[in-house]
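As structure tokens, the structure follows; a few thoughts come after it.
None of the figures in this text is laboratory data; all of them are computed from the coordinates on show. These numbers were taken from a predicted model, which means no experiment stands behind them. Note that each Cβ is placed from the backbone with ideal geometry, even for glycine, and that neighbours are counted across all protein chains shown.
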Amino acid sequence: MLKNDLYLKRIFDMQNRFMFRLFSLGALLAVCTLFFSGCENTDPSVMKIFVRSASNELVSGAKVVVIGDVNSNPPTGAFVDTVVTNTSGFAVVDMDQYFNTTGAGSTTGYFDVLVSKNLKSGSAYVRCRVHITAVETIFLMN
């Protein structure tokens, strides 16, 4: 009877060790999955356009038009947005609206930016990337 109990105890101990190792492996996999899924970039895609006069002063109330360059390489999808500069002299264009429509394969877009106020105008060519803030300064020429 004693020998039989010792045999059963060893089997029970081996099963406990196996279950502990299996549980430890499962916990490690769960932690790794949570860690790597938490590394996804969720920063917004933004284009920030500063508008300055010929005398280098920030201009509020300027009209900013952003147009996707469909002839760029790689091609940029069709996109047009119009915003007005705030009292600090810059306009913020939410580029997530562009990247959400182009699909996951598109990470870069090229845009013509046209600025005008009181018969003065300026332009720039801006590259915007997903999850990055692109900053450009455009001067209004006489």
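Can you give the alpha-carbon Rg of the range 46-139 over 2.2 N^0.38 Å, where N counts its residues? Compared with the compact-globule rule of thumb, the range 46-139 sits at 1.06. Sorting 133-140, 81-88 by average packing, meaning the other beta carbons within 10 Å per residue, from highest down gives 133-140, 81-88. On the beta carbon distance between ASN71 and MET141, with R0 = 22 Å, the FRET formula returns roughly 0.35.
A straight chain from VAL80 to LEU114 at 0.36 nm per residue would run longer than the Cα-Cα distance by 11.1 nm.
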